[in-house]
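The values are calculated or read from the model by the stated rules, or taken from the named source; none is laboratory data. Not measured: the values here are computed from a predicted model. Glycine gets a Cβ as well: all are built from the backbone with ideal geometry, and neighbour counts include every protein chain shown. Remember, those area values only see protein heavy atoms, side chains included, never the ligands or the DNA or RNA. Shrake-Rupley method; radii C 1.70, N 1.55, O 1.52, S 1.80 Å.
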Amino acid sequence: MDPYDYQARMTRRPMVKVAELQKEQRLKHVIFADQIDRGLIEHLCGVADMIRTISKTKKGSLYLTDLLPHKRAMMYFTQPSTRTFLSFMAACQILGITCNEVRDRNTSSEVKGESPFDSIRMFSSYFDIIIMRSNEKTFAEGCAYLMNDLESSGQRHVPIVNGGSGSEEHPTQALLDIYTMTRTFQFSDPKDSLKWSRFDDLRKTYPGLTKGLDNKVYAFCGDIGRGRTVRSLCKLLTQYDDPTLIFIAPEIPSLRLSTEMRDSLTAAGAKVIEVSSFEDIVNGKPVIEMIDCLYMTRIQKEHNNPVDAELLQTMDLSRYCLTLELVNRMKQYAPILHPFPRDSNFGEIPPEIDTNPRVMYFRQARNGMWIRAALIAYLFDVDSRILNHFRDYYLNPIIV
Ligand code: CP
């Protein structure tokens, strides 16, 4: 029997799998967005806010780097990455964790025939956490089962964190997206005073506007069917009250919302609307004018089969690109997100939009570092130390 054959476990219902990836109400491994509930999102966003505040001073930074200097992380990224790799590495460094990496299988003993699961088991001998990206949908999941099996037999095991699994999942991207939205929809402005707040001003134009992520209209534009970030983020958005999810995608089946995803989002309470352009009318208004938050994505040409490639060549795809004219028709407060990389040849977000106040994608990338630091602190169980430190030194400073 092949000890690395996890196929039967992978076909189980999500809830059964989720239970296996946690221990005593805490996550052991982070593989699926389904593992992350609203309570955990709010906890991690709070810890991330505290880490970013504590980091502002040298004293605070040194406090944080003293939390986990005895831990080592393996970054096993066999698929290209800029943001996820570097922000996880920076997050580890914030907490004092030493990092090592394998980014190219040709530099590891996999070129001699070592299996990727053997590689993972070896990494777990030297490191305390494995953060990984793979083009295989189920590899990170299999690695988590491998660690669980090692734990069951009393052997060394470490947390596995999925930094992107094929076209399937990118749960920590979803976390940083939600963190960015959470901060944006707090509507707090440095210029706010007792007499004036940006939120009160906005309410004069948008009387129904509320703080927070509940009851909002989220639009996703571009490659919906093949994008792992959209898939994971939508799952987290269903944790909020009455989300409306609008999908704007070319009329090519593989790029549109899958039936399985549509059914699961609807079953989770989301209102799902599918259109082909920002100008399509929904509830009497063009989509571009009713959006509370816009999530742009790249057309992922690397996943094209010959039929998709031919269809894409014959289509006018400019309607999946933003223009300044479109942006200026959006609600004043509506943030524009993009997981990045953007495709500079395709131009779904031309750089002239970068200075628009609605743009969040650069902050979004930086937020990834803070929320990933919060997640790692949580996985190593030092999040409560950060909470206590923040309470003692920032909320109720101890006077000596
Ligand atoms: N958003 C994202 O996953 O970016 P990278 O592919 O650069 O990690």
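A few notes on this one:
- Under the combined filter of DSSP loop state and at most 13 neighbouring Cβ atoms within 10 Å, the stretch 1-43 retains these GluC sites (Glu not before Pro): 24.
- Point-charge dipole on Cβ atoms (K/R +1, D/E -1) for the stretch 172-363, about Cα centre, debye to 20: 660 debye
- Pairs of alpha carbons in the stretch 195-336 whose separation is greater than 20 Å (percent): 50 percent
- Residues with amide H under 5 Å from that of residue 295, placed H, sequence gap 5 or more: 219, 220, 221, 337
- Using a cut-off of 22 Å between Cα atoms, the listed pairs 235/271; 58/211; 216/331 include 58/211 as exceeding that distance.
- Cleavage-rule hits, GluC sites (Glu not before Pro), the stretch 75-128, DSSP coil, Cβ neighbours within 10 Å at most 15: 114
- Label-point gap, in nm, between residue 42 and residue 192 - each point 7 angstrom along Cα→Cβ: 1.7 nm
- Listed residue (234, 345, 259) projecting farthest to the positive dipole end of the stretch 172-363, Cβ model: 234
- Beta bridges from DSSP with both residues in the stretch 172-363: antiparallel share about 10 percent, rounded to the nearest 5.
- A simple packing score, the average count of other Cβ atoms within 10 Å per residue, orders the peptides 84-93, 310-319 as 84-93, 310-319, with the highest score first.
- Its Cα gyration tensor gives the stretch 222-301 an equivalent ellipsoid. The semi-axes, each the square root of 5 times an eigenvalue, are 17, 17, 11 Å from largest down.
- Rounded to 5, percent antiparallel among DSSP beta bridges of the chain: 15 percent
- Rg in Å to one decimal, and Dmax rounded to a whole Å, for the chain via C-alpha atoms: 21.8, 72
- The alpha carbons of the stretch 13-120 give a radius of gyration and a Dmax of 16.9, 48 Å, in that order.
- Accessible area in the full protein assembly, largest first, 1.4 Å probe, for 303, 29, 70: 70, 303, 29
- Hypothetical label at residue 199: residues of the stretch 206-237 whose amide nitrogen lies under 16 Å (7 Å Cα-Cβ projection): 206-216
- Sites matching trypsin sites (Lys or Arg not before Pro) across the stretch 181-276 that sit in DSSP coil, with at most 16 neighbouring C-beta atoms within 10 Å: 191, 195, 211
- Remark: the stretch 197-207, residue by residue, has Karplus-estimated 3J(HN,Hα) of 9, 4, 4, 4, 4, 4, 5, 5, 8, 10, x Hz, where x stands for each Gly or Pro and the curve is 6.51 cos²θ - 1.76 cosθ + 1.60 at θ = phi - 60°.
- The stretch 50-68 residues near the modelled residue 391 label - backbone nitrogen below 16 Å, point 7 Å along Cα→Cβ: 50-51
- Calculated [θ] (222 nm, deg cm²/dmol) that DSSP helices of n ≥ 4 give over the chain, each run adding -39,500 (n - 2.57): -11500 deg cm²/dmol
- FRET E, pair residue 22, residue 301, Förster distance 41 Å, beta-carbon r, rounded to 0.05: 0.65
- Spin-label zone in the stretch 241-274 - amide nitrogen under 12 Å from a point set 7 Å from the Cα of residue 319 along the C-beta vector: 248-252
- Taken along its three principal axes, the alpha carbon spread of the stretch 280-329 comes to 37, 18, 17 Å, from the longest extent down to the shortest.
- Assigned charges on the beta-carbon of Lys, Arg, Asp, Glu; the chain dipole about Cα centre (debye): 1200 debye
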